[in-house]
Amino acid sequence: MGMEEDPKKERPKEAPEDSGGDFSFLQEIIKKEPVSKDKILKKFIQIAVTGLIFGIFACTGFYALRPWAARNFQAKADKVTIPEDEEEQTEEAVEETQPAEPVLSSDTYSELLSYVYEIAREAEKCIVSVSAVNGEDLLSSDISVMKNEVSGIIVADNSRELLIAANNIVCENAESWKVCFADNRSYPATLKKQDRTIGLAVFAVERGGLESSTWESLKIATLGNSNLVTRGSTAIALGNMFGYSGGIGYGIISSTRYDMELADGRYGVLGTDIAAADQGTGVLFNMKGEVTGLVMPNIWSGTEGTLANAYAISDLKTIIEKLSNGESVPYLGIHGVTVDEATTKERGIPKGLYVLQVDADSPAMGAGIQNGDVLTQIGKTKITSMLVYQKALQEFRTGENIRVRGQRRGAGEYVDIEYTVTVGSRE
């Protein structure tokens, strides 16, 4: 057996190794090659040129791939929501917020006009011109290719498109459109949806194709509360009212008491004392730069003299929201008048919506609704006025079957009737 080594026993220390050996007196010193200014400058130029070449290729690749990326990597469009009107102020609140009346004279007239003009210039940022053009000349600026032109307003940005509301006369016999913004640049547009009843259309322009100058010149319109507009209020009219784009007119609201009766609804009209061309289109603004109405050529047509009359914007908000989201405006084709309690007592007609006329080939006619019927319920909503019926109808979608109840005069008295109507649209 071998003997175990005692761990406590010290091992002999090894002699330190002579790092220098027999040649410890030799020491090698490596000196760095001195760097000259020429070499530094040469290196700097080399780096700069490399960076420049890389930047050129990066920019070229970006612009080359930009259209492809815009088509294939677009964000999902956001749902457009038009804010509801704010509640009207009480008379006490209005009195408390009224500023002191300024003292005006002939010396302040030019200042007043300049003030109004500045409001108009800012409001013009949300005004565009929509033109129908030949397909082969979509971006041409030659006026000879224009089929027609109307003024529109930028109502929303859904993160993919800018949405423009305009009169739909520009849609007649047209398949291609372009939109000219405040910086005079034009871009191709597509028709989102239109409603032939009110004569309104919404067009879409792709955000990805807009130049920076266009972005700097445009503005999303603020849709005001036209219910607060009163006779005598200052009105600013912008657009194509005079037969050419870029027109500006000042005046007052001459009337707010009249409505335009159309199928399935009534729409308030803001009358002005501002002259307009026969087929003029434009937008009315208040002194806050808010949109109060859309000037349409089909309002009170046939009257002597032509003025810039407009549909009240508050009555169009629901329609604009639907069209902006690519939804059809519900349509039954009923023209009617409210039967109130006084009329019921006087003439014995049931309360509800008295049918004056039914459009030919409309969903209402197809369901059997006739002139003289009194509609009392649509879906689950009891009809007490034309406004109630109009709002209730907007809650339904095209193609949906709804139940409409009413009464029809029989042999000396009214009898209950019921219809199933398929909601249509006029596009």
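The values are calculated or read from the model by the stated rules, or taken from the named source; none is laboratory data. Just so it is clear, the structure is predicted and the values come from calculations on it, not from any experiment. Here the Cβ is made from the backbone with ideal geometry for all residues, glycine too, and neighbour counts use every protein chain on show. Side chains included, ligands, DNA and RNA excluded: accessible areas come from the protein's heavy atoms. Shrake-Rupley method; radii C 1.70, N 1.55, O 1.52, S 1.80 Å.
Quick check on my filter: what residues within the range 140-168 are open to solvent by 50 Å² or more (accessible area, probe 1.4 Å) and at pLDDT below 90?
The answer is Ser141, Asp142, Ile143, Ser144, Met146, Lys147.
Collect the residues in the range 394-417 that are among the acidic types (Asp, Glu) and assigned to a loop (DSSP other than H, G, I, E, B), keeping them in residue-number order.
Step one: list which residues in the range 394-417 are among the acidic types (Asp, Glu), which gives 395, 400, 413, 416.
Hits for the range 394-417 are Glu395, Glu400, Glu413.
Just checking, how many residues over the range 152-181 are more than 13 Å from Ser245 (Cβ to Cβ), among the charged types (D, E, K, R) and touching a strand residue (DSSP E or B) at 6+ places or on another chain (Cβ under 6 Å)?
Residues meeting the conditions: 1.
When you look at Ile417, is it farther than 19 Å from Gly265 by Cα and surrounded by 13 or more Cβ atoms within 10 Å (Cβ to Cβ), yes or no? Show your work before the answer.
Working: farther than 19 Å from Gly265 by Cα: yes; surrounded by 13 or more Cβ atoms within 10 Å (Cβ to Cβ): yes.
Yes.
May I ask you to say which residue of Thr420, Thr343 is modelled with pLDDT under 95 and either in a strand (DSSP E or B) or over 33 Å from the mean Cα position of the chain (by Cα) (or both)? So that I can check it myself, show each step before the final result.
On the way: Thr420 fails: modelled with pLDDT under 95.
Going through Thr420, Thr343 in turn, the sole match is Thr343.
Is it the case that Ile319 is outside any loop (DSSP other than H, G, I, E, B) and touching a strand residue (DSSP E or B) at 6+ places or on another chain (Cβ under 8 Å)?
On the way: outside any loop (DSSP other than H, G, I, E, B): yes; touching a strand residue (DSSP E or B) at 6+ places or on another chain (Cβ under 8 Å): yes.
So Ile319 fits the description; yes.
Looking only at the range 287-296, decide whether some residue is without any contact (Cβ under 8 Å) to a residue 60 or more places away in the chain, open to solvent by less than 40 Å² (accessible area, probe 1.4 Å), in a loop (DSSP other than H, G, I, E, B) and of a type in the set (A, V, I, L, M, F, W, C).
no
Can you tell which of Ile334, Ile402, Ile319 is buried (at least 19 other Cβ atoms within 10 Å of the Cβ), within 27 Å of Gly199 (Cα to Cα) and without any contact (Cβ under 8 Å) to a residue 60 or more places away in the chain?
On the way: Ile334 fails: without any contact (Cβ under 8 Å) to a residue 60 or more places away in the chain; Ile319 fails: without any contact (Cβ under 8 Å) to a residue 60 or more places away in the chain.
Step by step, each of Ile334, Ile402, Ile319 is checked, and only Ile402 is buried (at least 19 other Cβ atoms within 10 Å of the Cβ), within 27 Å of Gly199 (Cα to Cα) and without any contact (Cβ under 8 Å) to a residue 60 or more places away in the chain.
Name every residue in the range 241-271 that is buried (at least 16 other Cβ atoms within 10 Å of the Cβ) and of a type in the set (Asp, Glu), in order of residue number.
Asp264
Which members of the range 169-182 meet the condition of being under 30 Å from Glu261 (Cβ atoms), open to solvent by less than 50 Å² (accessible area, probe 1.4 Å) and part of a loop (DSSP other than H, G, I, E, B)?
Ala174
Could you tell me which numbered condition Ser245 fails, if it satisfies all but one of (1) in contact with a Cys (Cβ under 8 Å, 6 or more places away or on another chain); (2) not charged (D, E, K, R); (3) not in a loop (DSSP other than H, G, I, E, B)?
(3)
Just to check your reading of the model, which residue among Gly379, Gly366 is of a type outside the set (D, E, K, R) and open to solvent by 50 Å² or more (accessible area, probe 1.4 Å)?
Values: Gly379 fails: open to solvent by 50 Å² or more (accessible area, probe 1.4 Å).
From the options Gly379, Gly366, the qualifying one is Gly366.
Condition first: over 16 Å from the mean Cα position of the chain (by Cα), open to solvent by 50 Å² or more (accessible area, probe 1.4 Å) and hydrophobic (A, V, I, L, M, F, W, C). Now tell me which residues in the range 183-240 satisfy that.
If the condition is that a residue be over 16 Å from the mean Cα position of the chain (by Cα), open to solvent by 50 Å² or more (accessible area, probe 1.4 Å) and hydrophobic (A, V, I, L, M, F, W, C), then Leu228 is the only one that fits.
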